[in-house]
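Worksheet for the structure shown next.
The values are calculated or read from the model by the stated rules, or taken from the named source; none is laboratory data. No experiment lies behind these values; they were computed from the predicted model shown. Ideal geometry is used to build each Cβ from the backbone, glycine not excepted, and the neighbour counts take in all protein chains shown. Heavy atoms of the whole protein, side chains included, go into the accessibility calculation; ligands, DNA and RNA do not. Shrake-Rupley method; radii C 1.70, N 1.55, O 1.52, S 1.80 Å.
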Amino acid sequence: MSHAALPPELEPKRYIEKVSLVSGEVLDHPILPKHLLVHNHRDYHPVDIHARHVMSRVVRETGDEEAARQRIRKRRRLGHRTAEVLGKALGKDPVRISKALFGLKEKEYYFRYKRHPLSAEEIATRLAALREQAVERLAVHRRDGRLGLRVLLTGGTGFVGQEILWQAAHDDEIVELVVLVRPKEVRDRKTGELLETISPAERGEKLLDHLWLESDQQRAKFRFVAGDVEQPLLGIDEQEAERLRETLTHVIHCAASVAFDDPYEASFRANVTGTLNALRFSHHLQGSEGSPFVAHLAIETSYIHGRQVKKAAREDEIVFPRNFYNNYYELTKAMASIETERFMLQKGLRVVQLCPAIVIGEAVTGNNRGDTKVVNAPVNLFGRAGQALSTPKGGWMDRSTGAMLARMACVFPGDPSAELNLVPVDRVAAGIVAALKRPQAVGRRVHLATDKRMTSASMVQIVEEELGVKVKLAEPTLHRNVTLPALTRLLKGLRQDKVARGLEKLATIFGGYSEWGQPVHEVGNDVELLGLSPDRPDTEQAFRMLCRHNRYVQRFGQVRDPDEISRRERIWRGFVQRLEERTERPAGALPAAEFRRHLAADLDVNRFEPREAATAG
């Protein structure tokens, strides 16, 4: 999309300004969304690609990221000096020579978020006042012992949303959870004819079945109402909106697009427009006479900080990353966070900002309610590739082609030292539910992340141990610019367009998160403000359980029916509980071979049913 075609309400310049490094003045230049991504500032010259490859090798050999940066700075200085000498000798512009020969370009500008007109002292004063209001409002509501928390949730049918429903069902202080759901249209795949419309109430009842919430008391907590976060006031009809004005204490805005490869416009609509509509709805509640409203909970992401490679991403601030954003998901979530801050500071809305890292399945079981996105996607891809290699089918040509394709799929663009911040979904939901009862968190940003990150190298090792698949780490820069284009051309020549698209999608989604120099997220408010345990989940153990879950429960994404996923996950949870009682150790801490021995004795994985001996007595 050209700059002229971008609607004014989607313009990045609403949030971001371009500043001269020379004069410090704001430059009135166009800012396109692509200018804000890391990919726009690299990989345009062979020397640049080689330099990044060398940096990656230095990090692997020394473990010293600063040494890599110093080496590349020395090379850049040498390149500029060489260009100056050649420029004098040839009578040419040295800047053009350095760019043409060495891929060197000097930015004369940087981006920053537009500064807030209030001073730091004024901001602190306003936020403190909002916290005091929230504490008082919740205290007043709690004085009557019959009153509990009544919460509106957007995104309740999503991965994190379902875990919030599960935890809310088991929380006595939450007496009602109103879940915003769109009616679901079922159409004929060939003709597009509308076959059926499933109402929010029907979708909700089925969702509660899948969550194993069977008692009348638990189910009575939930109401499922029609709405749409992309519509004004969330698309809720007036009669229902009036009822909510009189009863709601909180709004949890959890709806978002987590597609890392979505185009800018789609990400903006889902993440910024949806956030604005939710903020306006909460502000309307807060301003309604007699409303018991306490606070709005904004579910963001810890990756609103983008590519921070020199210092920790702090909870108390958001600055435009000098190393830009990996994708439009991160960028638009950061824009949404800025809108949230604007509603707090300019409109006085009481808000808690909660920022999860990369969310995976439950810490103990790996259960993920059938999710196949984000980290689940490469694990399932590796697992299916391993199956193809271990059980070849067809004639010699088919087997040879299948083996070649499977080996191609077992390449992951990742630097061994890259650290992934994975956080189990139950830890995230526990933080969200805790924030409902912690009004002192209003006006604060809380990272729901871990201080026990895992590297690409450990991820590959666990995949090999758990799935029996040897994944080869490919240096991200060379893979992105050399290996992947060659592979996709070969695959398309073999009429394997689907596999080619899969590899391209994998690189697009994970390429930015598997390079060295990943951000380190400051944590602390999850414990201090929300009261969560300081013993954060062990990422490697959680990832190990994710692999086991996807292998046996999901069969690497081949089991898709929600009813069957729910049945299997319930049996899986029972097995894990029995296993931990028997071994007196976390299931994720058991070596792969030992876990498989217990699994074989306890579960019939073909029928996915417990063996009689396992449950007897």
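Looking at the range 56-143, the helices (runs of 4 or more DSSP H) lying wholly inside it that each contain 3 or more residues that are of a type in the set (D, E) and modelled with pLDDT under 75 sit at 65-90. For the range 529-544, the criterion of being in contact (Cβ under 8 Å) with a residue 40 or more places away in the chain, more than 17 Å from G414 (Cα to Cα), of a type in the set (K, R) and part of a loop (DSSP other than H, G, I, E, B) is met by at least one residue.
Is the range 247-264 home to any residue that is surrounded by 22 or more Cβ atoms within 10 Å (Cβ to Cβ), in a loop (DSSP other than H, G, I, E, B), of a type in the set (A, V, I, L, M) and touching a Phe, Trp or Tyr at 6+ places or on another chain (Cβ under 7 Å)? For the range 247-264, residues surrounded by 22 or more Cβ atoms within 10 Å (Cβ to Cβ), in a loop (DSSP other than H, G, I, E, B), of a type in the set (A, V, I, L, M) and touching a Phe, Trp or Tyr at 6+ places or on another chain (Cβ under 7 Å): present. Once the range 199-214 is narrowed to residues that are outside any helix (DSSP H, G or I) and modelled with pLDDT of 95 or more, the residue that is surrounded by the fewest Cβ atoms within 10 Å (Cβ to Cβ) is W212. Of the residues making up the range 508-531, those that are open to solvent by less than 20 Å² (accessible area, probe 1.4 Å) and modelled with pLDDT of 85 or more are H521, D526, L529, L530. Restricting S288, S267, S337, S282 to those that are more than 20 Å from I16 (Cβ to Cβ) and crowded, with 24+ Cβ neighbours inside 10 Å reduces the list to S282.
Of all residues in the range 576-594, those being open to solvent by 80 Å² or more (accessible area, probe 1.4 Å) and touching a strand residue (DSSP E or B) at 6+ places or on another chain (Cβ under 9 Å) number 0. Scanning the range 490-507 for residues that are of a type in the set (A, V, I, L, M) and surrounded by 14 or more Cβ atoms within 10 Å (Cβ to Cβ) turns up L491, V499, A500, L503, L506, A507.
Residue-by-condition table, conditions (1) basic (K, R); (2) over 19 Å from G468 (Cα atoms); (3) in contact with a strand residue (DSSP E or B) (Cβ under 8 Å, 6 or more places away or on another chain):
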site: D371; (1), (2), (3): no, yes, no
site: A377; (1), (2), (3): no, no, no
site: A385; (1), (2), (3): no, no, no
site: G394; (1), (2), (3): no, yes, no
site: C410; (1), (2), (3): no, no, yes
site: P439; (1), (2), (3): no, yes, yes
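Looking at R573, R597, R551, R567, just one residue is in contact with an Asp or Glu (Cβ under 8 Å, 6 or more places away or on another chain), open to solvent by 40 Å² or more (accessible area, probe 1.4 Å), at pLDDT 95 or above and not in a loop (DSSP other than H, G, I, E, B), and that residue is R551.
Rundown of residues vs (1) part of a strand (DSSP E or B); (2) closer than 17 Å to R269 by Cβ; (3) open to solvent by 30 Å² or more (accessible area, probe 1.4 Å), yes/no style:
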{"residue": "F293", "(1), (2), (3)": "no, no, no"}
{"residue": "H296", "(1), (2), (3)": "yes, no, no"}
{"residue": "Y303", "(1), (2), (3)": "no, no, no"}
{"residue": "K311", "(1), (2), (3)": "no, no, yes"}
{"residue": "V319", "(1), (2), (3)": "no, no, yes"}
{"residue": "R322", "(1), (2), (3)": "no, no, yes"}
{"residue": "Y329", "(1), (2), (3)": "no, yes, no"}
{"residue": "K333", "(1), (2), (3)": "no, yes, no"}
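The set of residues in the range 465-497 being outside any helix (DSSP H, G or I) and closer than 26 Å to L546 by Cα consists of G468, V469, K470, V471, K472, L473, A474, E475. Being under 30 Å from I338 (Cβ atoms), in contact with a Leu (Cβ under 7 Å, 6 or more places away or on another chain) and assigned to a helix (DSSP H, G or I) narrows it down to one of A500, A435, A429, so name that one. Answer to the selection: A435. Considering only residues in the range 162-198 that are open to solvent by less than 40 Å² (accessible area, probe 1.4 Å) and in a loop (DSSP other than H, G, I, E, B), the one that is farthest from T249 (Cα to Cα) turns out to be G192.
With respect to the conditions (1) touching a helix residue (DSSP H, G or I) at 6+ places or on another chain (Cβ under 7 Å); (2) under 24 Å from A256 (Cα atoms), Q218 lacks only one, and its number is (2). In this structure, E315 does satisfy being under 17 Å from I358 (Cα atoms), of a type outside the set (S, T, N, Q), open to solvent by less than 30 Å² (accessible area, probe 1.4 Å) and touching a strand residue (DSSP E or B) at 6+ places or on another chain (Cβ under 6 Å). Taking the range 444-453, which residues are open to solvent by 10 Å² or more (accessible area, probe 1.4 Å), of a type outside the set (K, R) and touching a Leu at 6+ places or on another chain (Cβ under 9 Å)? Within the range 444-453, no residue meets the criteria.
Among all residues of the range 376-394, there is none that is hydrophobic (A, V, I, L, M, F, W, C) and in a loop (DSSP other than H, G, I, E, B). Starting from the range 302-317, take each residue that is of a type in the set (S, T, Y) and list its partners that are modelled with pLDDT of 90 or more, counting only C-beta distances under 6 angstrom and pairs at least six apart or across chains. Final answer for the pair search is S302/C355; S302/A357; S302/H447; S302/A449; S302/H521; Y303/E330.
Does H521 meet the test of being closer than 30 Å to L436 by Cβ and not β-branched (V, I, T)? In short, yes. Applying the set (1) farther than 20 Å from G274 by Cβ; (2) of a type in the set (G, A, S); (3) part of a helix (DSSP H, G or I) to A363 leaves exactly one unmet item: (3). Taken together, K373, K393 contain a single residue that is surrounded by fewer than 19 Cβ atoms within 10 Å (Cβ to Cβ), within 21 Å of the chain's Cα centre (by Cα) and basic (K, R), which is K373. Scanning the range 438-451 for residues that are among the aliphatic types (A, V, I, L, M) and not in a strand (DSSP E or B) turns up A441, V442, A449.
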